Amino acid sequence: QVQLVESGGGLVQAGGSLRLSCAASGSIFTINTMGWYRQTPEKQRDLVAVISGGGTTNYADSVKGRFTISRDNAKNTVYLQMNSLKPEDTAVYYCNAFSRGFNFWGQGTQVTVSS
């Protein structure tokens with residue numbers, strides 16, 4: 001089992017920045033990729049960014065050049081640095097860990113970008 005706890009969401013004006021953090025605990029040595037997804041009431045949960053244990057990253061086209069995912073294996077923490085935020089980035093952001101064929105999710109953190 002893997003437990004994930006997110007932090008760092010909030011309200012920011014368009015053009016601003018936020019950094020999300022996700023701390024993993026439990027069977028952390030079984031984790032392959034970690035990532036961030038987001039969801040609004042109107043849409044399904046979509047990929048934002050993922051990072052492998054070796055540091056390979058992948059981003060949704062809508063956030064490329066604005067968001068950066070990073071991973072501190074010593075702290076068992078993954079980060080999402082979000083710059084140049086837009087109102088359309090408003091969503092609940094969920095941390096994800098993929099381990100032994102299973103997806104584990106955090107509780108979600110709200111990000112609201114005002115215009």
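The values are calculated or read from the model by the stated rules, or taken from the named source; none is laboratory data. Given the structure is predicted, the values throughout are model-derived calculations rather than measurements. Every residue, glycine among them, receives a Cβ derived from its backbone with ideal geometry; neighbour counts consider all protein chains shown. The area values use the complete protein model at the heavy-atom level, side chains included, leaving out ligands, DNA and RNA. Shrake-Rupley method; radii C 1.70, N 1.55, O 1.52, S 1.80 Å.
Residue check: is Thr109 in contact with a Phe, Trp or Tyr (Cβ under 6 Å, 6 or more places away or on another chain), open to solvent by less than 30 Å² (accessible area, probe 1.4 Å), within 13 Å of Glu6 (Cα to Cα) and of a type in the set (Ser, Thr, Tyr)?
So Thr109 fits the description; yes.
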When (1) over 15 Å from the mean Cα position of the chain (by Cα); (2) closer than 24 Å to Gln3 by Cβ are applied to Glu42, the one that fails is (2)
Identify all residues within region 91-106 that are over 16 Å from Ala24 (Cβ atoms), in contact with a Ser or Thr (Cβ under 8 Å, 6 or more places away or on another chain) and either of a type outside the set (A, V, I, L, M, F, W, C) or open to solvent by 10 Å² or more (accessible area, probe 1.4 Å) (or both); write none if there are none. Val92
Listed by range, strands (runs of 3 or more DSSP E) wholly within region 43-83 having at least 1 residues that are more than 20 Å from Asn32 (Cβ to Cβ), open to solvent by less than 40 Å² (accessible area, probe 1.4 Å) and touching a Phe, Trp or Tyr at 6+ places or on another chain (Cβ under 9 Å) are 67-72, 77-82
Name every residue in region 84-96 that is touching a Leu at 6+ places or on another chain (Cβ under 8 Å), part of a strand (DSSP E or B) and farther than 14 Å from Ile51 by Cβ, in order of residue number. Tyr93
Test: residue in region 97-108 that is over 15 Å from Trp36 (Cα atoms), of a type in the set (Lys, Arg) and part of a loop (DSSP other than H, G, I, E, B): yes
Just give me the residues in region 17-36 being farther than 18 Å from Leu47 by Cα and open to solvent by less than 20 Å² (accessible area, probe 1.4 Å), in sequence order. Ala24
Selection from region 70-83 of residues that are over 24 Å from Pro41 (Cβ atoms) and either in contact with a Gly (Cβ under 9 Å, 6 or more places away or on another chain) or not polar (S, T, N, Q) (or both): Ser70, Arg71, Asp72, Asn73, Ala74, Lys75, Val78, Tyr79, Asn83
